[in-house]
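Chemist: The following block contains the structure, expressed as structure tokens.
The values are calculated or read from the model by the stated rules, or taken from the named source; none is laboratory data. Since the model is a prediction, treat every value here as computed from it, not as a measurement. As a convention, Cβ positions derive from the backbone with ideal geometry for all residues, glycine included, and neighbour counts pool all protein chains shown. Remember, those area values only see protein heavy atoms, side chains included, never the ligands or the DNA or RNA. Shrake-Rupley method; radii C 1.70, N 1.55, O 1.52, S 1.80 Å.
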Amino acid sequence: MKAEALRLGFSACGIAEARPVDEATATAYRRWIASGGHADMHYLENNIDKRLDPTLLLPGARSIIVVAMNYAPASRLPEGEYQIADYALGQDYHDVMRSRLRRLSEDGKICVDTVPILERYWAWQAGLGFIGRNRQLIIPGAGSMFFLGEIVTTLAADHYDQPMPERCGTCHRCLDACPTGALQEFDAGRCLSYQTIENRGEIDEDVKDKLGTTIYGCDRCQQVCPWNRFARPTEVAELQPRPELLAMTRRDWQQLTEDDYRRLFRGSAVKRAKYAGLMRNIEAVAEKQTQRGQE
């Protein structure tokens, strides 16, 4: 199974025994929801029983196969232009991952981000890496720029992988780099990724000042992570940035029409924000840049 996963283009594969998450993780998740740390992402309140016990996702579940796929881009948007998070530069990872997971196994429930399951927890349990202070799964020697996917299956493994010890040590660069302090207790409502993608309302004024040139997502906690010095560009063709996207200038973004948006982001995860949301982000960044230029 692991050899086939690598052949299909996944960067790592591990297998954990299907069972409820540990008590500390379950308690922490319930407290986070109760405190409102998930902002208005109400879907995170749904199916908590399944989220904390993946055996409820599939009758007779015995194993969870977890895979990671590298998305580190070979090319990025030019420095000084408006920026999009690296994970969204290529095609929608849901489609890319799901098609390969179906080829990996026809038995079981395929999970790619939209199923109620704690993906990073199970990647940790399956021995792929550890969960860092930036809340990302970090694979030693490879970094954190990976998509995760799972197959919950009734098949039993001849060997289950073991969790990896946390290896952040005394490093707290990600906490220092987060412009809004969202990582301290993980307040999703203050995270720039939430504000520019999931948020359907107006961007908070104090958050606008922190956007910089970011119009979709945020990679700052990953950019400063020492483990990402080991990152290598992905070889998955579907995850490569489109040339027309890399050629976009600030003026192009500010004059973006809805037809341009549909053409530029056909099959892209950026469609999550919708045209209105992306233009809201662009206008917020442009507004703050104009204000700074007048000061």
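Chemist: Calculate for the chain the 222 nm mean residue ellipticity that helices alone would give, adding -39,500 (n - 2.57) per DSSP H run of length 4 or more and normalising by residue count, nearest 500 deg cm²/dmol.
Modeler: So the calculated ellipticity at 222 nm is -8000 deg cm²/dmol.
Chemist: Going by Cα centres, the stretch 246-290 and the stretch 27-42 are how many Å apart?
Modeler: Taking the Cα centre of each part, the stretch 246-290 and the stretch 27-42 sit 30 Å apart.
Chemist: To the nearest 10 square angstrom, how much accessible area does Thr153 have with a 1.4 angstrom probe?
Modeler: 0
Chemist: Averaged per residue, what accessible surface does the chain expose to a 1.4 Å probe, in Å²?
Modeler: Spelled out: the 1.4 Å probe surface of the chain, per residue, equals 49 Å².
Chemist: In addition: Which cysteines does the chain leave without a neighbouring Cys Cβ under 4.7 Å?
Modeler: Here Cys13, Cys111, Cys168, Cys171, Cys178, Cys191, Cys218, Cys225 come out as lacking a disulfide-compatible partner, given the Cβ-Cβ threshold of under 4.7 Å.
Chemist: Could you tell me the distance between the Cα centroids of the stretch 86-137 and the stretch 43-62, to the nearest Å?
Modeler: Using only Cα atoms to place each centre, the spacing works out to 16 Å.
Chemist: Enter the Cα centre distance for the pair the stretch 164-208 and the stretch 209-224, rounded to the nearest angstrom.
Modeler: First find each Cα centre; the distance between them is then 9 Å.
Chemist: Only Cα pairs under 8 Å and at least 6 apart count here; give the relative contact order of the chain as a rounded whole percent.
Modeler: So the answer I get is 24 percent.
Chemist: Still on this structure: How large a share of the accessible area of the stretch 187-295, in percent, is made up of carbon and sulfur atoms when the probe is 1.4 Å and the other protein chains stay in place?
Modeler: Percent of accessible area from carbon and sulfur atoms in the stretch 187-295: 47.
Chemist: Over 26 Å between C-alpha atoms is what I'm after, so list which of Lys109/Lys274; Lys50/Lys274; Lys208/Lys274; Lys2/Lys274 land there.
Modeler: The answer is Lys109/Lys274; Lys50/Lys274; Lys2/Lys274.
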